[in-house]
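One structure below.
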Amino acid sequence: MPGQFEPLPGGGAAVALDDVEISIIRSLAVQLLELIGPGPAENASDDPLAELFADGPSEPPSDPVLRRLFPDAYVDPEGAPRAKEAEEQRAHSAEFRRYTENDLRAGKRENALAVVRALDALASASAGGDGAVLKLSPDESRQWLSTLNDLRLAIGSRLEITDEDDSDLLYRLPDEDPRKPMVMAYLWLGGLQETLVTTLMP
């Protein structure tokens, strides 16, 4: 089980994490929460219907990581469209973002918080030891999968990884390269994510 998720009887997944691994994932999840931003302000409306129809941003985030986490919905997969088509795509993307980004951020925030809370509970259980076994329900497994994906997207964006060829180059970085620790985290999280996906397959 060390280093990979395994299925639990009846559903869910388990993985053995040592104290360093717990600390790394928790730190990354907290950084993700800081990047996504806080939830609704304390003085937000108590009317859930008003909150439901509250407008979100219409422009893409300026931070490249946030742009990766919250991409435009309408993008031409064939490449650069003509000027008129590009303008229409931007308008559609802005409208879509306005009505969906707040909910997307809330979902990512909730998933990352679930990861932090699970790790805090695990750290308390392993106090004085050298790690413990994290056991997740099927719903918790999906929250973890979402957050692991977000963490890899965020790190990949910082490393300027855009396709599989870029990932291959990471394996050949010299140890003295300052990106090496981030690369190691990216690859390790990828392994965790892959094994967690396998546990969720029927």
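The values are calculated or read from the model by the stated rules, or taken from the named source; none is laboratory data. Source: prediction; values computed, not measured. Because the Cβ atoms are built from the backbone with ideal geometry, glycine has one as well, and the counts that use them run over all protein chains shown. Accessible surface areas use protein heavy atoms only, side chains included; no ligands, DNA or RNA. Shrake-Rupley method; radii C 1.70, N 1.55, O 1.52, S 1.80 Å.
Results, tabulated for the structure shown:
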read-out: Cβ-Cβ under 6 Å pairs, at least 6 apart or on other chains, segment 14-28 side touching a residue at least 12 places away in the same chain (Cβ under 8 Å), far side part of a strand (DSSP E or B); value: Ala14/Glu6; Ala14/Val133; Ala14/Lys135; Val15/Leu134; Ala16/Pro2; Ala16/Val133; Leu17/Leu134
read-out: Check on Asp120, in contact with an Asp or Glu (Cβ under 8 Å, 6 or more places away or on another chain) and surrounded by fewer than 13 Cβ atoms within 10 Å (Cβ to Cβ); value: no
read-out: Residue list for segment 124-152, restricted to those being out of contact with any Gly (no Cβ under 9 Å at 6 or more places or on another chain), surrounded by 13 or more Cβ atoms within 10 Å (Cβ to Cβ) and part of a helix (DSSP H, G or I); value: Arg142, Gln143, Trp144, Leu145, Thr147, Asn149, Asp150, Leu151
read-out: Output for segment 139-188, where each listed residue is within 23 Å of Gly3 (Cα to Cα) and among the β-branched types (Val, Ile, Thr); value: Thr147, Ile155, Val183
read-out: Residues of segment 95-117 that turn out to be exposed (fewer than 15 other Cβ atoms within 10 Å of the Cβ) and at pLDDT 95 or above, as a count; value: 2
read-out: Whichever residue in segment 167-180 is more than 30 Å from Glu110 (Cβ to Cβ) and outside any loop (DSSP other than H, G, I, E, B) and, among such residues, is modelled with the lowest pLDDT; value: Asp168
read-out: Condition check for Val133: touching a Leu at 6+ places or on another chain (Cβ under 7 Å) and farther than 22 Å from Leu35 by Cβ; value: no
read-out: Number of the condition not met by Thr198 [criteria: (1) of a type outside the set (Asp, Glu); (2) open to solvent by 90 Å² or more (accessible area, probe 1.4 Å); (3) in contact (Cβ under 8 Å) with a residue 60 or more places away in the chain]; value: (2)
read-out: Residue within segment 155-162 that is at pLDDT below 95, open to solvent by 50 Å² or more (accessible area, probe 1.4 Å) and polar (S, T, N, Q) present; value: yes
read-out: Subset of segment 1-24 that is touching a helix residue (DSSP H, G or I) at 6+ places or on another chain (Cβ under 6 Å) and of a type in the set (A, V, I, L, M) - its residue that is farthest from Arg117 (Cα to Cα); value: Ala13
